[in-house]
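The values are calculated or read from the model by the stated rules, or taken from the named source; none is laboratory data. Treat the numbers as computed from the prediction; the structure is a model and nothing was measured. Because the Cβ atoms are built from the backbone with ideal geometry, glycine has one as well, and the counts that use them run over all protein chains shown.
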Amino acid sequence: MRAPTGEQYPLSLTIEGRAVSAVVTQVAAGIRSLEVDGVALVESFPESATPPGAAGIVLVPWPNRVAGGAWMLDGARQQLDVTEPKTGNAIHGLLRNTGYRLLEQERHRVKQGATIFPQHGYPFLLETTVEHALTPEGMTVTHTLRNDSAVSAPAAVGAHPYLALGGVRTEELVLTIDAATRFLTDDKQIPVSEEAVAGTDFDLTQGRRVGGLEIDHGFGGVRTTDGRSTQSLEAPDGRRVELWADEDFRFVQVFTPQNFAAPEGARQAVAIEPMTAPANAFNSGEGLRWLEPGETWTLAWGIRFRGV
C-alpha cells in the first residue's frame, strides 16, 4: 500500500564517527524522522500515517494563519480557501497536501520541487524547491522561491518540526527561546498586538521546563549571533537539540500540545517553527517579502544535536 505522504526518501551519513539518518517525504517535503547516533531529534510518525499536527511539513507561501483567509491586493479582496474550519482561517500555506517532484538525490541529501500555481486568493506563480541535507550534527534545510509571475508576489516561509531528544520524556526537557517579544492573539489565534516578554511568564530566554507549559504563540525579536538564531530543548544530562535559522527567519512559533498523536499514544510535544513572517502577514505586512518577477530567494534553517 502506498504511504499517505507519498514517496519516502531515506537519507544516511556516516562521518566523524557519527551515524546520521532521516526520512523525508514527498508530500509537503516533510521530515518524518531524524536521528544522530540513534537519538531521535524530531517526533517521528509511521509511514502509514499522515503527519500528526502538521509534523515536519513546509509552510509556503505563508506560515501559520491568514485571518478569514482574506486579504487585500491593490484594493481588491483576495479569498483563500479556508483550511482551518474551526477558526475560519487559511492555515499553513498552499503546499501542505502537495506531492513534490524529485529533482536531485544522493545518499545523504534529497532536493524536491513544487509549483504554486495561481489559485483562489493567490494569483501568482511561484517555483519552489526544498533540499534536505544531512550533516555530522543533524540536518540543514534549504529553501528557494522564484517568482515566475509577471508581477511582484508576496511570500513567506516556515516549517513545522516537533523537536525531541530520544529517550527523554518531553516534560523533562528545558525549552529555551531566544526572542524578545510575543504576539497576543484573539480567539481565532490572529495577532492583535505584540509585547515584550521580559518579566512575563512567556520569557523563555533563560529556559523553562516543558512540563506544565501550555504555549501556542508566535515570538518576534528573535536574536541572531553571527547571522543565525538558535532555539533549543535540553535534557537534564546537558544534551541538547537545537533549531538554528538564518537571518531571514526573524520569527518563531512555539506550540506545546498535550495531545500530540505519538505512535505510543497521546502525549506532550514541542513544535519550534522557524518563520520569516508571523501569523496574518498577508494583512499586516510584517515580515512579508515581495518577490519581483524573476527574483529568487534562498534561505536555510536546520536541526543539530549537541552531546555532552
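Summed over the range 225-268, the residues that are under 19 Å from residue 172 (Cβ atoms) and polar (S, T, N, Q) give a count of 6.
Which of the strands (runs of 3 or more DSSP E) found entirely inside the range 177-246 contain at least 2 residues meeting this: more than 20 Å from the chain's Cα centre (by Cα)?
Counting at least 2 such residues, we get 191-196.
Right, residue 268: more than 30 Å from residue 80 (Cβ to Cβ) and modelled with pLDDT of 95 or more or not?
Numbers: more than 30 Å from residue 80 (Cβ to Cβ): yes; modelled with pLDDT of 95 or more: yes.
Yes: the conditions hold for residue 268.
Let me confirm something: among 125, 184, 163, which residue is surrounded by fewer than 23 Cβ atoms within 10 Å (Cβ to Cβ), out of contact with any Phe, Trp or Tyr (no Cβ under 9 Å at 6 or more places or on another chain) and of a type outside the set (Asp, Glu)? The match here is 184. Would it be correct to say that residue 292 is surrounded by fewer than 13 Cβ atoms within 10 Å (Cβ to Cβ) and under 17 Å from residue 177 (Cβ atoms)? No, not satisfied.
Mind counting the residues in the range 6-56 that are modelled with pLDDT under 95 and among the small types (Gly, Ala, Ser)? Give the derivation first.
Taking the range 6-56 as the starting set, the residues that turn out to be modelled with pLDDT under 95 are 15-18.
Subset that is among the small types (Gly, Ala, Ser): 17.
The qualifying residues number 1.
Can you find, within the range 79-96, the residue that is surrounded by the most Cβ atoms within 10 Å (Cβ to Cβ) among those that are touching a residue at least 60 places away in the same chain (Cβ under 8 Å) and over 19 Å from residue 273 (Cα atoms)? If you could, list the steps in order and put the result at the bottom.
First, pick out the residues of the range 79-96 that are touching a residue at least 60 places away in the same chain (Cβ under 8 Å): 87-89, 92-93, 95-96.
Still in the running and over 19 Å from residue 273 (Cα atoms): 87-88.
Numbers: 87: 18, 88: 13.
Among those that are touching a residue at least 60 places away in the same chain (Cβ under 8 Å) and over 19 Å from residue 273 (Cα atoms), it is 87.
Residue check: is residue 212 under 16 Å from residue 255 (Cβ atoms) and loosely packed, with under 13 Cβ neighbours inside 10 Å? Here the answer is yes, as residue 212 does meet what is asked.
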